[in-house]
1. Nearest 20 debye, what's the magnitude of the dipole of the chain about its Cα centre given +1 on Lys and Arg Cβ and -1 on Asp and Glu Cβ?
2. How big is the convex hull of the Cα atoms of the chain, per residue, in Å³?
3. Loop-only check: which trypsin sites (Lys or Arg not before Pro) in the range 147-185 are DSSP coil with at most 16 other Cβ within 10 angstrom?
4. Debye calculation, C-alpha points only, no solvent: report log10 I(q)/I(0) for the range 48-145 at q = 0.10, 0.16, 0.19, 0.21 Å⁻¹, in the same order as the q values.
5. What number of lysine-lysine pairs in the chain show an alpha-carbon separation below 20 angstrom, given a sequence spacing of 8 or more or placement on distinct chains?
6. Roughly speaking, what is the stretch gain from LYS188 to ASP204, that is 0.36 nm per residue apart minus the C-alpha to C-alpha distance, in nm to one decimal?
7. Counting helices only, and only those DSSP H runs with n ≥ 4, report the 222 nm mean residue ellipticity of the chain as the sum of -39,500 (n - 2.57) divided by its residues, in deg cm²/dmol to the nearest 500.
8. Let's test the formula: R0 of 35 Å, r as the Cβ-Cβ distance of GLN217 and GLU61. What FRET efficiency results, to the nearest 0.05?
Amino acid sequence: METILPKADPLKPKASSATRASAVGESTHAALKMDLNKIVQGVRLILEGVGEDASRPELLETPDRVARMYRELLYGTGVDAGAEITCTFNEENDDLVLVKDIAFSSVCEHHLVPFIGIAHVAYIPNQGKITGLSKLARVVELASRKLQVQERMTGQIADAIMRRLDPLGVIVVLEAEHFCMSIRGVRKAGTRTVTTAARGVLQDDKGARAEVMAFIQNK
Ligand SMILES: [Zn+2]
């Protein structure tokens, strides 16, 4: 089975997923434990540090707003990326399942600026054990909503699926643009970083791996 989601524009998160993200961010997970006051104080210090007048009217609400934004962006802190793979189904066959172009946005832990892109997730079920396709997108979503580096995020998605579904193999590919590269430093806008994590037979069997990668790269 191969499922290809509509091509997503990473710059424009889907309304549905954005709505769901903020709903979850408001109510569950680490968001509840976040100390918003500390974030507010920190943002105020940044404003003062750069030489701004933090008390000018246009900036008065900014620390609160930034704190709420980080709560939403980082609500997956401390949460297992596989936490929402709670139900599985049994299917007759063990053919490849591939979900392409899952849009995500995460936050680089070195600079606290976003990196945004798309994820492709493929796995080969073990004895027909599968999960809902939307759950794969939820794994990507949860893995993205914490301070990250792209390489670790790729591995966390693969490991979460291995743990929860025990499939024969998994491949995860992430393609992302890092704002810390495009707006500062080398300032190469549009540069995309591609990372891969393979597990199980898709790590060991080079032929199978190449076949799945060809599917993923076939636009
Ligand atoms: Zn960075």
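Taken together, the values in this text are just the output of simple stated rules run on the coordinates, not laboratory data. This structure is a prediction, so every number in the text was calculated from the model and none was measured. Cβ atoms come from the backbone with ideal geometry, glycine included; neighbour counts cover every protein chain shown.
1. Numbers: 28 positive and 28 negative charges, 76 e Å.
Charge dipole, the chain, about its Cα centre: 360 debye, nearest 20.
2. Enclosed volume per residue, from the Cα hull, is 131 Å³.
3. Working: sites: ARG152, ARG163, ARG164, ARG184; in loops: ARG184.
Hits after loop and neighbour filter: ARG184.
4. Taking Cα atoms of the range 48-145 as identical point scatterers yields -0.43, -0.80, -0.98, -1.09.
5. 16
6. 2.2 nm
7. Computed mean residue ellipticity for the chain: -12000 deg cm²/dmol.
8. The calculated FRET efficiency here is 0.20.
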